[in-house]
Every structure is written in structure tokens, then in C-alpha cells.
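> Once you've had a glance at the structure underneath, I'll fire off some questions.
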Amino acid sequence: MSQVFRKHLSMPGLINTVYHHFLKIQDPRAFSRSTKTRICDHLMTGLAIFGLKCPSLLDYDRKRKDHAIEHNLRELYHVTNPPSDTYLRERLDEVEPDALRGAFKKLFASFQRGKGIEEFEYLNDSVLISIDGTGHFSSSKVSCPHCCEKKNSSGGVSYYHQMLGACLVHPDKKNVIPLCPEAIFNRDGATKNDCERNASKRFLQHFRREHPHLKAIVLEDGLSSNAPNIRMIQEYKLHYILGAKPGDHKFLFAEMDSRRDTSYYKENSEDGEYHQYRFLNEVPLNKANRDVKVNVVEYRRTNTKGKETTFPG
């Protein structure tokens with residue numbers, strides 16, 4: 001049985017899993033007759049561009065008729081008619097991001113059945129989920145109805161798209177296990193920009209619905225160290241490790257400086273570096289949210305040349 005699972009976790013097996021899900025996605029366009037290029041061909045081509053390490057869509061368009069690339073598209077990615085880069089952009093723009101969610105869920109299920117999740121358990125049988133936002137489009141000239149907008153001081157407008165990405169990570173592993181990202185874009189009729197915080201709410205809701213029993217620790221940067229986000233993480237019965245900088249959390253670090261129960265620990269490692277730790281448990285996050293109690297750890301490392309680095313910093 002384990003051999004069957006490992007077969008599904010090979011590159012061809014994973015691609016095949018995605019392909020069978022993409023076959024079920026309905027074409028958003030209502031054509032009067034069947035088209036030469038299926039929507040599945042566009043979706044699989046989009047995946048192939050990453051797998052074949054094309055640095056851009058233009059690079060893909062130049063290479064798509066190359067014998068080796070054409071062979072891989074057909075045999076490995078099941079693409080019967082590779083689209084041009086322009087046609088690819090047009091068709092993929094119309095696909096709802098949530099239509100891809102099932103592919104991530106099926107891949108995760110295959111990995112789970114193959115006992116791969118157990119290898120990613122880190123603390124108290126919990127996995128680590130690293131979450132962060134990233135931008136993938138910005139322009140002052142090109143836009144679409146779903147673009148978020150940012151006005152600058154001179155009155156100009158920038159249009160952009162962002163995404164909230166998440167994956168399972170482990171400090172001893174180079175590979176990560178991706179979870180379905182959450183698109184950050186304005187829905188029809190929206191009057192306010194979508195944002196990373198809203199996307200985080202959607203992500204946690206989807207994650208807990210799809211993985212109701214998975215024990216996990218959420219890893220996020222300092223932008224997420226706020227009371228609403230912490231309450232939301234706790235609501236979904238997840239733990240968290242969040243970044244926090246002194247400039248953004250003055251109350252938190254002032255408490256560490258003033259309270260007598262702040263603990264300190266120092267050590268010299270075998271490589272000659274000097275390490276300092278201080279931590280405080282059950283401290284209010286800030287003055288406005290004293291009911292939100294957190295544990296705070298600050299770590300300083302001094303290397304052999306005397307350079308000191310503070311985490312967080």
C-alpha cells in the first residue's frame with residue numbers, strides 16, 4: 001500500500017492528480033461550439049510554466065513549439081494544444097481562484113495518506129503553517145475591475161493585486177507543502193480595497209473547514225500581531241508564533257523592561273557566538289486589549305566579530 005501512496009507522491013503522480021481536478025473546472029466562457037483549446041489546457045499550461053522553469057510567459061511562448069518542451073507539455077502535463085501567452089492570460093483571468101482549491105485539497109490528502117504530514121510535525125504533534133502576503137501585479141496604467149487601488153501624494157493611482165500565501169514548513173526541511181493561497185482582490189460591487197487581514201480571515205475559515213482536526217501553529221510577521229487576528233486564530237483552535245517589533249509594540253516591550261518576573265538566560269555556543277534570551281509569560285498585548293494575554297520571547301545573538309542581531313528586530 002505504501003508503494004501506491006509514494007507513486008501518487010511522485011512528480012507525474014502529483015501532476016496527474018491536479019490534471020483530473022482541472023478537467024472538472026467549467027469553462028467560464030459560453031462558446032457556441034467546442035473550442036480547439038480546452039480550459040484544462042490553459043490551466044495545465046499555467047502549471048507547466050512553473051514546472052518547466054520558464055522565467056516569463058514570453059519565454060514560454062518562444063519555447064512552446066520546441067520539441068522537448070512540446071513533448072513535456074503533452075506527455076507530462078496532458079496539454080493537447082498549448083495556447084499562446086496572450087490567449088493564456090485572457091482565459092486564466094476569467095477563472096475564479098476558488099476553482100483551484102480542490103486541487104490543493106487533493107494533493108494535501110495524498111500527502112496525508114502517504115504519512116508525509118507526520119514528517120512535518122514539529123512541536124506537540126503540531127505542524128507549522130507559515131503565512132505571508134505578497135504582491136504579484138502593480139501598474140499605474142493597466143488595471144481590471146478587481147484591482148485594488150492606491151493613491152499617491154501627487155494624485156496618481158496605482159493598481160495592484162496581492163495574494164496571501166501559506167505552506168507547511170519545517171526548520172529541518174528544504175521542501176514545503178503548499179496550501180491553497182487566498183487571492184486579495186476587489187469583488188464586484190466592493191467600495192473598499194480588499195486587504196491581507198480579510199484574506200487571513202478567509203484562509204483560516206477555509207483551512208479549518210478542510211482540515212478540522214489538524215493541529216497547527218500559525219507563523220506570521222509583525223503585521224499580524226494584533227488582537228483581532230490573535231482572537232481569530234484562537235477561535236479556530238490554532239496556536240501561533242508571531243513577530244513583534246519594539247516600535248510597533250511599545251507597551252509589550254515596556255512590560256518586559258519593567259516587570260520583575262521577566263526571565264533572562266545567556267549562553268556561549270561552541271561556535272563562539274554569544275546568545276541572550278529574555279521572556280515573559282501572560283502579558284497583555286497592549287493597553288486597549290488587556291484581555292489578550294501573550295508570551296513574549298526576545299533573542300539576541302552576538303557573532304564572533306561582535307555584531308549583535310536582535311530577533312525580532
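Nothing in this text is a laboratory measurement; each read-out follows from the coordinates by a stated rule. Given the structure is predicted, the values throughout are model-derived calculations rather than measurements. Neighbour counts are summed over all protein chains in view; Cβ atoms, including those assigned to glycine, are modelled from backbone coordinates with ideal geometry.
> Working from Cα positions, state the angle (0 to 90°, nearest 10) between the long axis of helix 11-22 and the longest principal axis of the chain.
On a 0 to 90 degree scale, this one is about 70.
> Follow-up. Taking the Cα centroid of the range 84-116 and of the range 160-223, what is the distance between the two, rounded to the nearest whole Å?
The range 84-116 and the range 160-223 have Cα centres separated by 15 Å.
> Using alpha-carbon positions, what is the distance between the centroids of the range 276-313 and the range 118-133, in Å?
21 Å
> Run the quick spin-label model on N16 and N303: label points 7 Å from Cα toward the beta carbon, then report their separation in nm to one decimal.
Simple spin-label model gives 4.8 nm for this pair.
> Right, next: If we count every other residue with Cβ under 12 angstrom of L238's Cβ, Lys/Arg +1 and Asp/Glu -1, where does the sum land?
Taking every other residue near L238 into account, the sum is +2.
> Starting at the first residue of the range 36-42, write each ³J(HN,Hα) from the Karplus equation 6.51 cos²θ - 1.76 cosθ + 1.60 with θ = phi - 60°, in whole Hz, x for Gly and Pro.
5, 10, 6, 5, 5, 4, 5
> For D61, what charge total do you get from the other residues with a beta carbon under 12 Å from its beta carbon, if Lys and Arg give +1 and Asp and Glu give -1?
Within the 12 Å Cβ shell, the charges total +2.
> Each residue of the range 122-135 in order: what ³J(HN,Hα) in whole Hz does its phi give by Karplus 6.51 cos²θ - 1.76 cosθ + 1.60, θ = phi - 60°, with x for Gly and Pro?
Karplus values, whole Hz, x for Gly and Pro: 10, 9, 6, 6, 9, 9, 9, 10, 8, 10, 7, x, 8, x.
> What list of ³J(HN,Hα) couplings, whole Hz, do you get for the range 165-171 from phi and the Karplus terms 6.51, -1.76, 1.60, once you set θ to phi - 60° and write x for glycine and proline?
After applying 6.51 cos²θ - 1.76 cosθ + 1.60, I find x, 8, 7, 7, 10, 8, x Hz.
> Here's a follow-up. Counting helices only, and only those DSSP H runs with n ≥ 4, report the 222 nm mean residue ellipticity of the chain as the sum of -39,500 (n - 2.57) divided by its residues, in deg cm²/dmol to the nearest 500.
The helix contribution divided over the chain gives -9500 deg cm²/dmol.
> Using the Kirkwood formula on the Cα atoms of the chain, what hydrodynamic radius do you get, in angstrom to one decimal?
Here the Kirkwood hydrodynamic radius works out to 23.0 Å.
> Here's a follow-up. Enter the mean projected area of the convex hull around the alpha-carbon atoms of the range 134-224, in nm², rounded to one decimal.
Averaged projected hull area, Cα only: 8.1 nm².
> Net charge around L88, counting only other residues with Cβ within less than 12 Å of its Cβ (Lys, Arg = +1; Asp, Glu = -1)?
Result for the neighbourhood of L88: -3.
> Sequence-distant or interchain residues sharing an amide H contact under 5 Å with F137, placed H: which?
H161
> Just the number, please: Stokes-Einstein D of the range 1-114 in µm²/s, Kirkwood Rh from C-alpha pairs, 37 °C, 0.692 mPa s.
220 µm²/s
> Could I ask something else about it? Between H275 and A227, what FRET efficiency follows from the Cβ-Cβ distance if R0 is 30 Å, with the result rounded to 0.05?
Rounded to the nearest 0.05, the efficiency is 0.45.
> On full extension of the chain, what length is gained from N193 through F311, given 0.36 nm per residue of separation minus the C-alpha to C-alpha distance?
39.3 nm
> Further question: So if I place +1 on the C-beta of Lys and Arg and -1 on the C-beta of Asp and Glu, and nothing else carries charge, what would the dipole magnitude of the chain be about its Cα centre? I want it in debye, nearest 20.
560 debye
> Now a separate question. Rg and Dmax of the range 250-311, Cα atoms, in Å?
Every Cα atom of the range 250-311 included, Rg and Dmax give 14.0, 44 Å.
> Another question, if that's okay. Please give, to one decimal in nm, the separation of the simple spin-label points placed at N295 and S139, each 7 Å out from Cα toward the Cβ.
So the label points at N295 and S139 sit 4.9 nm apart.
> If you don't mind, another one. With charges only on Cβ, +1 for K and R and -1 for D and E, what is the dipole size of the range 1-114 about its Cα centre, in debye, rounded to 20?
In total the dipole reaches around 420 debye.
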